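Okay, structure first, notes after.
The values are calculated or read from the model by the stated rules, or taken from the named source; none is laboratory data. Every value quoted in this text rests on a predicted model; they were computed, and no experiment measured them. Counting neighbours? That spans all protein chains shown, and the Cβs are built from the backbone with ideal geometry, glycine included.
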Amino acid sequence: MKAASQAQVRPEEGRMSERWRAGWVGLGVIASWALHAVGAESPLPPAEPRIIAPSLSWMSVLTSIVYGLLGLVLLLIGYYIYEIITPFSVKEELVSHRNVAVGIVAAAFILGMAIVIAAAII
């Protein structure tokens, strides 16, 4: 008799499985609506691009020159600060000893500084 009672499904478990089944059915309905909505969209006609004619003025040329010079000055200041904080002379290592590793590191530093300065100016 004890084995027969263990084989029976408790009423709570039956309700729980019905809730799970209802949840999965609901999720399937929502997913099918979403797929239908995405699949039933009609493609829009291609938009014609708007071409804005660039306006070149002396003021924009002057501004570009000023920002370019400002970037170069900031890059030189950054290089000299890098020269000061390194425990050796970068210039001496590059010129006298022809150290390729120092050249690569200095180039990477200058490139990084240039990217940061360009991002700050733009």
* State which residue pairs qualify: first residue assigned by TED's automatic domain parsing to the domain that holds Ala114 and inside region 72-84, second residue surrounded by fewer than 16 Cβ atoms within 10 Å (Cβ to Cβ) and of a type in the set (D, E, K, R) in any location, beta carbons under 9 Å apart, and separation of 6 or more residues or different chains. => Glu83/Lys91
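Kindly indicate which of Val105, Val100, Val90, Val95 is under 29 Å from the mean Cα position of the chain (by Cα) and without any contact (Cβ under 8 Å) to a residue 24 or more places away in the chain. Steps first, answer last, please.
Numbers: Val100 fails: under 29 Å from the mean Cα position of the chain (by Cα); Val90 fails: under 29 Å from the mean Cα position of the chain (by Cα); Val95 fails: under 29 Å from the mean Cα position of the chain (by Cα).
Criteria check complete, one pass: Val105.
Of all the residues that make up region 89-122, how many are outside any helix (DSSP H, G or I) and closer than 19 Å to Val73 by Cβ?
The initial filter retains those residues of region 89-122 that are outside any helix (DSSP H, G or I), namely 89, 96-99, 122.
Those still in the list that are closer than 19 Å to Val73 by Cβ too: 122.
Of the residues in that region, 1 qualify.
Pick from Gly103, Gly71, Gly78: which is surrounded by 12 or more Cβ atoms within 10 Å (Cβ to Cβ), at pLDDT 90 or above and small (Gly, Ala, Ser)? Step through it out loud before you land on a result.
Values: Gly71 fails: at pLDDT 90 or above; Gly78 fails: at pLDDT 90 or above.
The unique qualifying residue is Gly103.
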* Asked: Would you call Ser64 exposed (fewer than 11 other Cβ atoms within 10 Å of the Cβ) and either at pLDDT 85 or above or within 29 Å of the chain's Cα centre (by Cα) (or both)?
  -> yes
